[in-house]
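One structure is given here, and the rest of the page talks about it.
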Amino acid sequence: MKKFVTLLFVVMVCMCAKAQVYMGGSLSLWHNDDADATSFTLAPEVGYELNQQWSIGASLMFNHTKSHEKIRSFGFAPYARYTFFENKPLRLFVDGCLGISSTKQGHADSEAGFELGFKPGIALKLTDHFSLVTRYGFLGYRDDYMQGQEGYGFSFSSEDLSIGFHYTF
């Protein structure tokens, strides 16, 4: 048993030595004068680059909207990322994601939602460790995900635009 645990430890150390762990996320603050509503979103993200083309990761989202009623949403979205084009600082990728969320509006009960689909994106490597990352669009199925649309199809709306950063260790 000790040999197995030691071997497992050595394998994990070797994997971590070549690990490309990244952390980042996005942040937004928006005020709509017409609706007298203010929205705040925080979405930290962590991932692991398996090789040049594949990465896995997850994003944890929190959204708080204050208008005539408070709306709070929490979401968790793990993904697998495939990079299909890389030219020095520029990477084009698509994330295959499965997200789950919970939204509570005012004093009503919480509503659960989910999404299953693909999100295309672009990463611009600014330094060896720092990248600007943007995702725009969604192709797939959503059911009450983060107060979003229901049904299936593709969407290229402002709700599907995310601009953030990654710091690679």
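The values are calculated or read from the model by the stated rules, or taken from the named source; none is laboratory data. Everything numeric in this text was worked out from a predicted model, so none of it was measured. Here Cβ is always computed from backbone atoms with ideal geometry, including for glycine, and neighbour counts include all displayed protein chains. Areas reflect the complete protein model, heavy atoms only, side chains present, ligands, DNA and RNA absent. Shrake-Rupley method; radii C 1.70, N 1.55, O 1.52, S 1.80 Å.
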Among the listed residues Leu132, Leu126, identify the single one that is free of Cβ contacts under 8 Å to residues at least 40 places away in the same chain and open to solvent by less than 90 Å² (accessible area, probe 1.4 Å).
Leu132
Look at segment 117-169 and say how many of its residues are β-branched (Val, Ile, Thr) and closer than 20 Å to Asn51 by Cα.
4
Going through segment 74-86 in order, the residues found to be more than 15 Å from Pro44 (Cβ to Cβ) and either surrounded by fewer than 19 Cβ atoms within 10 Å (Cβ to Cβ) or among the hydroxyl-bearing types (Ser, Thr, Tyr) (or both) are Ala80, Tyr82, Thr83, Phe84, Phe85, Glu86
Tell me, yes or no, whether segment 10-33 has at least one residue that is surrounded by fewer than 15 Cβ atoms within 10 Å (Cβ to Cβ), small (Gly, Ala, Ser), assigned to a strand (DSSP E or B) and modelled with pLDDT under 90.
yes
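Hey, could you check segment 160-169 for residues that are closer than 17 Å to Trp30 by Cβ and outside any helix (DSSP H, G or I) and say which is most open to solvent (accessible area, probe 1.4 Å)? Reasoning before the result, please.
Our first condition is that a residue be closer than 17 Å to Trp30 by Cβ; within segment 160-169, this holds for 160-164.
Cutting the leftovers down to outside any helix (DSSP H, G or I) gives us 161-164.
Values: Leu161: 87, Ser162: 35, Ile163: 103, Gly164: 11 Å².
Within segment 160-169, the match that is most open to solvent (accessible area, probe 1.4 Å) is Ile163.
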Looking only at segment 142-159, decide whether some residue is open to solvent by 30 Å² or more (accessible area, probe 1.4 Å) and in contact (Cβ under 8 Å) with a residue 60 or more places away in the chain.
yes
